[in-house]
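K.L.:
Encoded as structure tokens, here's the structure I'll be asking about.
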Amino acid sequence: MSSNNNNLGTMSLLFILLLPFLGSLLAAFLPSNARNTEAWLAGAVSLAATAIVASLYPQVTAEGVLRMTFPWVPSLGLSISLRMDGFAWLFSLLITSMGTLVVVYARYYMSPTDPVPRFFSFFLAFMGAMLGIVLSGQLIQMAMFWELTSLTSFMLIAYWHHRSDARRGARMALIVTGAGGIALFGGVLLLGHIAGGYDLDTVLAASGTIQAHPWYPAALTLIALGALTKSAQFPFHFWLPHAMSAPTPVSAYLHSATMVKAGVFLLARLWPVLSGTDYWFWIIGGAGLCSLVIAGYLAIFQQDMKGVLAYSTISHLGLITLLLGMNSPLALVAAVFHMVNHATFKASLFMAAGIVDHETGTRNLQRLSGLYRAMPITATLAMVAAAAMAGVPLLNGFLSKEMFFAETILLNRPGWQYMILPVAATVAGMFSVAYSLRFIHQVFFGPPATDLPHAPHEPIRWMLLPSGLLVSACVLVGIFPSLTVGPFLQTATVAILGSNVPAYSLSVWHGLNLPLYMSLTAMAGGVTLYRIFLWRTSETVPLLEHIDGKRSFDWLLSTLTSGASLIMQRLSSSRLQIQLLVLVCVTLGASLLPVLTREETFWGTHPATPASPAFILLWLVGSVCALAVAWQAKFHRLAALILSGGAGLATSLTFVWFSAPDLALTQLTVEVVTAVLLLLGLRWLPRRDERYAQGQGQAATNRIRRLRDILLATACGLGLAAITYAVLTRPPVEGISPFFTEQALPLGGGLNVVNVILVDFRSFDTLGEITVLGIVALTVFALLRRFRPAPESVPLPNQQRVQDAADGLEEKHVTNPASILPAGYMMLPAVLVRLLLPLATLVSLFFLLRGHNAPGGGFVGGLILATSIILQYLVGGTVWVESHLRIHPQYWIAIGLLSAAAAGAGAWLAGTPFLTSHAWHGELPLLGELHLSSVLLFDIGVYMLVVGTTMLMLVAIAHQSLRSHHRKAREGRT
């Protein structure tokens, strides 16, 4: 951790980032009927984050940049870095304050029947992801938060997932912005490679180096793809209108103030590095110009209130993008100014659209009319916000649009380029006035509507408060720009441009000049356009009716899907045996490649240990078991499973023979667990069809196939044996083994080298492996859950006996209907097995706690506990276990992952890289000397996850077995 982290201001950066994520976790566990509690929680988190951000303004203006850095991968120059300058401060305030207002609005917008905890949980997670983008001081870290915004916005857009339009809109947004995020990641990798580091300060200081590099065009293109897709710029603009299926609070937050601003934020952040070239002008400026004009034109003809706002959002973002693409510092100032202005008036308009929809039951402009009489306050607020969007004087939108007009006139470009931008800006201004006027006039004026689903009326005052505050900001900034937003804008532009900030004025009146005439022309032309299209009721768009981005997207997606399906048909098979054959062949080829290309001697020179008759006998038994498995699989699968256990036991004894007790314990417990799970799954395997196997010509084919499999298995076995022999015959001083054996105690603090490697030296690998293990368990559970019987179809034991007596079910059919084993398999009394559980729990904890210095560890301990619980299922039955133990495997998995991750993240507090181990020694009364290490917390995470994953798969299998058991019992009755 850097030395300046002791400063309270820099520590506040961590609180700002973590608060929304902590609030998201808390909201997810709240009951579904606690709407007030969830709103209070989300509001308190947002308001607290806003207060912390606001309190940092004096320090930001005084110091320029606040930083907080945690080592991540120091050898690669990577760190977790938080960085707040004036520009990041302005956006952080925008994200948190706008989030607070939207939470208040959402409290009264959302229905009590909606799953409100899920909404606020996703909402706060998205807020945290946006703050991560804004506060990231490292490019790769920023790219990670960038993708997190795509994921959380997908969940918010698809919040009403029972609606097909919500699912389609969310999928479209995720695909477009996710693909752009992948391009962005490639771009930042190139940018960091060119600049010599991924730290934002390093990149910003390498402007000349980056633009002179031959990879500059590629890096710019990839970064532009990420920014333009996120900000819904042409030609990727089509996803935003379809995202309007989200609840209106989502639109007011994501699609006006935060998510769509991420792209232009990134362009402004990297403006000092990437701008100033023709590449930048044509890519960024061209996309902005097309979005400004095309989206503004399309907005005029939308029939949905949110559709109008969606296309107007694309148009205004196009204005910002065009300003950033002009390569002018003054245009950058105007772009930053309009980012803030657009967020205020557009969020207020989305809220107004939501209020109209909430109180009338529709957003269709053709059905709405004359609402001013019934909703005067809502209408007034909407009119002021729409006027700000249209650029009416004395409102904030007028000021930034005036600066935009001025920049188009002053643009230093040759020939037609000098003329096209002022004309396009004026035309876009006309479109803006036209759709703003239509939005207000058709909804709030004219004769009262007569066919509305609900009688219109004003909402509760608290629902109007957020919109009222935003409209007040539009007016105050429009009248007193220098006193309200002036200092913040200056701080933000200084953070981007440094000492190169140009002189500019935020005065309301600049005299009679060309930008003012352009504004007047735009307003007059907009009114004329609206009069022309006033009576148009068709949903088609003149001139552009055949251009549909959604249709192109669907065609591309369908083509890719069809192409992938065709490739899968050509290169894959639905038969598992063929897939395994290909997999084994590829693995064999990959393992032989380094052997065949190796120039030096493959075999080691270390002398071999003399063969022991006992060891040879052990492996003869293991080999016979392995060969017998292949033979018995054809006739008796249970016998094959038992024989495979014999081969596994031989392997465990081999580890013992070679003084590897950890591996022996792990192998033995894995064998027990997998044998039981496979035993439960045998009943689902299809019966062997002997008629098919003995068909005409099939016997010869089967012989060829078996010969092929035998040859392949022999080749793989001999290859693995050769590689093992080569490794074991190397001299002990070669390789990395000596390092681990010598440094396990000094660096890892443990005597058990295997455990130290797993939980310390290579703990990041272990964290990834247990994560994959949890994902596999959840996948198995999801696949088998469809077969899980409903709770009422699993009667308690007493109820089952009553039902069996009533149905005349004889005892011979079901010895123990609650058990998942067939009758006759009960070898132990149930009471003894139940008494075994606490003893096995103590044994598992013993192996867990001793694992760092003796054979054991979290994996072995977890498997021991899981095995004891499996025995409860086998003997006591599913119903008894789940009615007495309350296992909840999903919680074990979640807590295990969090525990392992917390052990790694705790190292940051000590200023060391992720997953660095730390130990504490102390004396406690009665207990004496106590040694605690962070690896114990990590091992506890492994322990809990192993128990959880094993039990989750068992639960899925046990429930299916119970269902099959009851079905067979009913069939036996008849």
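K.L.:
Identify the residue in the range 477-502 that is more than 30 Å from Gly137 (Cβ to Cβ) and without any contact (Cβ under 8 Å) to a residue 12 or more places away in the chain and, among all such residues, is surrounded by the fewest Cβ atoms within 10 Å (Cβ to Cβ).
P.N.:
Looking at residues that are more than 30 Å from Gly137 (Cβ to Cβ) and without any contact (Cβ under 8 Å) to a residue 12 or more places away in the chain, I get Leu483.
K.L.:
Follow-up. Of the residues Ala243, Ala232, which is under 20 Å from Lys306 (Cα atoms), in contact with a His (Cβ under 7 Å, 6 or more places away or on another chain) and not assigned by TED's automatic domain parsing to the domain that holds Leu322? Talk me through it step by step, then tell me what you get.
P.N.:
Values: Ala232 fails: in contact with a His (Cβ under 7 Å, 6 or more places away or on another chain).
From the options Ala243, Ala232, the qualifying one is Ala243.
K.L.:
Would you call Tyr418 modelled with pLDDT of 90 or more, among the aromatic types (Phe, Trp, Tyr) and surrounded by fewer than 22 Cβ atoms within 10 Å (Cβ to Cβ)? Spell out the reasoning first.
P.N.:
Working: modelled with pLDDT of 90 or more: no; among the aromatic types (Phe, Trp, Tyr): yes; surrounded by fewer than 22 Cβ atoms within 10 Å (Cβ to Cβ): yes.
Against the criterion (modelled with pLDDT of 90 or more, among the aromatic types (Phe, Trp, Tyr) and surrounded by fewer than 22 Cβ atoms within 10 Å (Cβ to Cβ)), Tyr418 does not qualify.
K.L.:
Within the range 186-224, which residues are under 27 Å from the mean Cα position of the chain (by Cα) and outside any helix (DSSP H, G or I)?
P.N.:
Passing the criteria: Gly197, Tyr198, Asp199.
K.L.:
What about Ile194, is it out of contact with any strand residue (DSSP E or B) (no Cβ under 9 Å at 6 or more places or on another chain), of a type in the set (Val, Ile, Thr) and within 24 Å of Trp282 (Cβ to Cβ)?
P.N.:
Working: out of contact with any strand residue (DSSP E or B) (no Cβ under 9 Å at 6 or more places or on another chain): yes; of a type in the set (Val, Ile, Thr): yes; within 24 Å of Trp282 (Cβ to Cβ): yes.
In short, yes.
K.L.:
Helices (runs of 4 or more DSSP H) wholly in the range 573-663 with at least 2 residues that are loosely packed, with under 13 Cβ neighbours inside 10 Å - which ones? Lay out the reasoning, then the answer.
P.N.:
Working: elements: 576-596, 613-632, 637-657.
Correct list: 576-596, 613-632.
K.L.:
Please work out which one of (1) within 30 Å of Tyr105 (Cβ to Cβ); (2) out of contact with any Gly (no Cβ under 8 Å at 6 or more places or on another chain); (3) assigned to a loop (DSSP other than H, G, I, E, B) is the condition Leu506 fails and give its number.
P.N.:
In the conditions (1) within 30 Å of Tyr105 (Cβ to Cβ); (2) out of contact with any Gly (no Cβ under 8 Å at 6 or more places or on another chain); (3) assigned to a loop (DSSP other than H, G, I, E, B), Leu506 misses (2) alone.
K.L.:
Same structure, new question: Which of the residues that make up the range 128-170 are outside any loop (DSSP other than H, G, I, E, B) and hydroxyl-bearing (Ser, Thr, Tyr)?
P.N.:
Filtering the range 128-170 down to residues outside any loop (DSSP other than H, G, I, E, B) leaves 128-136, 138-157, 164-170.
Ser136, Thr149, Ser150, Thr152, Ser153, Ser164 - these are the residues of the range 128-170 that are outside any loop (DSSP other than H, G, I, E, B) and hydroxyl-bearing (Ser, Thr, Tyr).
K.L.:
Go through the range 727-764 and report how many residues are in contact (Cβ under 8 Å) with a residue 60 or more places away in the chain, surrounded by 15 or more Cβ atoms within 10 Å (Cβ to Cβ) and assigned to a helix (DSSP H, G or I).
P.N.:
8
The rows are residues; the columns are (1) within 19 Å of Leu14 (Cα to Cα); (2) surrounded by fewer than 17 Cβ atoms within 10 Å (Cβ to Cβ); (3) at pLDDT 90 or above.
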{"residue": "Leu26", "(1), (2), (3)": "yes, no, yes"}
{"residue": "Asn33", "(1), (2), (3)": "no, yes, no"}
{"residue": "Thr37", "(1), (2), (3)": "no, yes, no"}
{"residue": "Ala44", "(1), (2), (3)": "yes, yes, yes"}
{"residue": "Val53", "(1), (2), (3)": "yes, no, yes"}
{"residue": "Leu56", "(1), (2), (3)": "yes, no, yes"}
{"residue": "Val60", "(1), (2), (3)": "yes, no, yes"}
{"residue": "Glu63", "(1), (2), (3)": "yes, yes, no"}
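K.L.:
Just to be sure I understand the filter: pairs with C-beta atoms under 7 Å, separated by 6 or more residues or on different chains, first member in the range 546-564 and surrounded by 10 or more Cβ atoms within 10 Å (Cβ to Cβ), second member of a type outside the set (Ser, Thr, Tyr) and part of a helix (DSSP H, G or I). Which pairs pass?
P.N.:
Every condition considered, the pairs that remain are Lys550/His242; Phe553/Met172.
K.L.:
OK, next. When you go through (1) under 30 Å from Leu874 (Cα atoms); (2) modelled with pLDDT of 75 or more one by one for Gly681, which number turns out not to apply?
P.N.:
Of (1) under 30 Å from Leu874 (Cα atoms); (2) modelled with pLDDT of 75 or more, only one is false for Gly681: (2).
K.L.:
Right, another one. In the range 689-717, which residue that is more than 16 Å from Trp631 (Cα to Cα), assigned to a helix (DSSP H, G or I) and among the small types (Gly, Ala, Ser) is modelled with the lowest pLDDT?
P.N.:
Ala699
K.L.:
Also, I was wondering about something else. Does the range 468-480 include one or more residues that are farther than 25 Å from Tyr105 by Cα and outside any loop (DSSP other than H, G, I, E, B)? Explain how you work it out, then say what you get.
P.N.:
Just the residues of the range 468-480 that are farther than 25 Å from Tyr105 by Cα, to begin with: 479-480.
With outside any loop (DSSP other than H, G, I, E, B) added as a condition, the list becomes 479.
Yes, the range 468-480 contains a residue that is farther than 25 Å from Tyr105 by Cα and outside any loop (DSSP other than H, G, I, E, B).
One line per residue, one yes/no per condition, for (1) surrounded by 24 or more Cβ atoms within 10 Å (Cβ to Cβ); (2) in the same structural domain as Tyr108 (by TED's automatic domain parsing); (3) in a loop (DSSP other than H, G, I, E, B); (4) modelled with pLDDT under 95:
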site	(1), (2), (3), (4)
Thr362	no, no, yes, yes
Gln366	no, no, yes, yes
Gly370	no, no, yes, yes
Ala374	no, no, yes, yes
Met383	no, no, no, no
Val392	no, no, yes, yes
Gly397	yes, no, no, yes
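K.L.:
Here's something else I'd like to know. Need pairs with beta-carbon distance below 7 Å; first residue more than 16 Å from Ala257 (Cα to Cα) and within the range 125-153, second acidic (Asp, Glu); sequence gap 6+ or separate chains.
P.N.:
Gly137/Asp199; Gln138/Asp199
K.L.:
Next up: For the subset of the range 159-203 comprising residues that are within 30 Å of Asp114 (Cα to Cα) and among the small types (Gly, Ala, Ser), which member is surrounded by the fewest Cβ atoms within 10 Å (Cβ to Cβ)?
P.N.:
Here is the first cut: in the range 159-203, the ones within 30 Å of Asp114 (Cα to Cα) are 159-178.
From what is left, the residues that are among the small types (Gly, Ala, Ser) are 164, 166, 169-170, 173, 178.
Numbers: Ser164: 9, Ala166: 20, Gly169: 23, Ala170: 24, Ala173: 27, Gly178: 16.
Going through the qualifying residues, I end up with Ser164.
The values are calculated or read from the model by the stated rules, or taken from the named source; none is laboratory data. Only a predicted model underlies this, so the values are computations on that prediction, with no experimental measurement involved. For neighbour counting, all protein chains shown are included, and Cβ atoms are generated from backbone atoms with ideal geometry for every residue, glycine included.
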